[in-house]
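The structure appears right after this line, and notes come after that.
The values are calculated or read from the model by the stated rules, or taken from the named source; none is laboratory data. Since the model is a prediction, treat every value here as computed from it, not as a measurement. In this analysis, Cβ positions are derived from the backbone assuming ideal geometry, glycine residues included, and neighbour counts consider all displayed protein chains.
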Amino acid sequence: MIYVQIAAYRDPELIPTLEDCISKAKYKNDLTFGICWQSDSEDRRLDEWKTRSNFRIDEVPWQESKGLCWARSRIQKMYEGESFTLQLDSHHRFEKEWDRKLLSDLESIGSRKPILTTYAGVYDPPTNTKAGNDPFKMVADRFTPSGTILFRPHLIPNWRDLTGPIRARFVSGHYFFTIGQHCEEYAYDPNLYFAGDEISLSIRSYTLGYDLFHPHRTLVWHEYTRKGRVKHWDDHTTANKELVGAAWHERDVVSKKRLRKLLKEEENEVELGRYGLGSVRSHRDYEIYAGINFADRLLHNDTIAGKEPPSTFSTEAEWARQFARNYSLTYSWQPTDVLLADDLQFVYFGIEDANGKVLHRHDAPYDSLEALGSVRERQVQFLAGSSPARLVVWPVSRSQGWMKKTVYSL
């Protein structure tokens with residue numbers, strides 16, 4: 001049996017997701033669903049689905065909702081011992097016999113506590129068009145000022161040659177398949193709001209002894225744009241505080257403080273209790289495996305490059321040298337240095353270190369540059385393992401190609 005967990009907030013895609021999930025499954029009778037349906041009286045009703053014995057539906061007026069992790073916490077409590085569990089959002093499409101294939105891939109890993117997870121493929125709801133079959137891995141992009149980590153989907157380049165899943169550093173909240181035991185061992189923290197859910201799910205699952213893997217083939221697609229549906233933060237505003245109790249940004253402040261305590265980014269008065277780390281592996285074990293220094297908010301070069309974990313190093317000194325740092329700087333240039341041709345196509349702005357290694361690149365189309373006049377500025381944020389030393393401004397014209405470049409010291 002597979003327990004399918006879906007947290008849905010006023011989403012018109014919920015029922016199409018359920019229909020596609022069931023119709024594409026091989027073992028339809030082995031699916032049970034736990035749904036937290038946070039809705040308004042005008043949203044589509046789930047009366048038909050309530051009558052089905054394999055559906056457990058927790059209906060909540062949208063005004064009473066306290067965020068994504070709060071909803072997922074409620075869904076966990078409806079778990080009834082199913083062998084496996086699949087956590088989704090409420091906007092997905094599925095490959096034919098997705099359940100059989102997921103079970104086969106999970107078994108092929110050979111781990112006692114495996115997790116299959118990634119950012120799912122992309123689909124478009126109006127047309128149901130799926131944007132290819134190339135599977136994604138999750139790559140860390142950077143730390144945010146509040147202490148969370150932003151992830152980006154990167155294509156697995158050699159996926160056609162793979163015969164099984166690959167190791168992962170991070171997990172996706174919207175595509176997470178594992179043994180049902182996870183519902184009992186991992187208690188969702190209802191005080192987490194939205195941002196930070198995935199890094200919390202990653203490190204807590206890892207320290208509970210779970211092994212993380214990305215699927216080597218695409219079986220599930222996800223809608224990423226959020227078009228056509230109301231988001232929690234659209235409703236839970238300061239203007240609606242009398243209805244909702246707290247604005248979304250107030251819950252978010254509390255949430256991120258809890259996350260920073262969990263990740264050991266700061267010491268504060270938060271008591272995590274049962275929502276803390278596991279005891280099978282340590283916080284340091286995860287840092288070494290994933291290539292992260294939480295206290296200094298640094299990412300290992302292997303982590304940024306998206307190499308398969310664990311991170312590689314032989315000594316603590318080497319470990320320290322392999323971290324990239326967050327840089328935030330403003331660079332400026334003279335428009336007269338770039339407006340040199342009538343057929344200018346774009347201008348290359350490259351930030352380099354002292355050895356000429358490109359740390360950050362931005363190709364600015366000609367029509368995005370302003371006319372001659374005062375000095376222009378641009379603010380950028382990027383990760384790099386070496387210090388920025390110079391800015392290279394290099395125009396490209398249609399007739400002449402790469403033209404004369406100008407170098408500024410930083």
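Please go through the stretch 27-53 and give me each residue that is buried (at least 16 other Cβ atoms within 10 Å of the Cβ) and either within 12 Å of Tyr3 (Cα to Cα) or in contact with a Gly (Cβ under 7 Å, 6 or more places away or on another chain) (or both), ordered by number. Leu31, Thr32, Phe33, Gly34, Ile35, listed by residue number.
Selection of the stretch 123-173 for residues being over 14 Å from the mean Cα position of the chain (by Cα), surrounded by 19 or more Cβ atoms within 10 Å (Cβ to Cβ) and either more than 25 Å from Ile288 (Cβ to Cβ) or of a type in the set (Lys, Arg) (or both) yields Tyr123, Pro135. Taking the stated definitions as given, is Asp189 in the same structural domain as Ser65 (by TED's automatic domain parsing) and either surrounded by fewer than 22 Cβ atoms within 10 Å (Cβ to Cβ) or within 30 Å of Glu318 (Cβ to Cβ) (or both)? For Asp189, the condition - in the same structural domain as Ser65 (by TED's automatic domain parsing) and either surrounded by fewer than 22 Cβ atoms within 10 Å (Cβ to Cβ) or within 30 Å of Glu318 (Cβ to Cβ) (or both) - is not met. Listed by first and then second residue, the pairs linking a residue in the stretch 194-220 that is on the phi > 0 side of the Ramachandran plot to a residue that is assigned to a loop (DSSP other than H, G, I, E, B) and crowded, with 21+ Cβ neighbours inside 10 Å, with Cβ atoms under 9 Å apart and 6 or more places separating them unless they lie on different chains, are Gly196/Thr148; Gly196/Leu263.
Which of the residues that make up the stretch 310-331 are of a type in the set (A, V, I, L, M, F, W, C) and in contact with a helix residue (DSSP H, G or I) (Cβ under 9 Å, 6 or more places away or on another chain)? Give the steps one after another, and end with the answer.
Of the residues in the stretch 310-331, the ones of a type in the set (A, V, I, L, M, F, W, C) are 313, 317, 319-320, 323-324, 329.
Listed by number, the residues that qualify are Phe313, Trp319, Phe323, Ala324.
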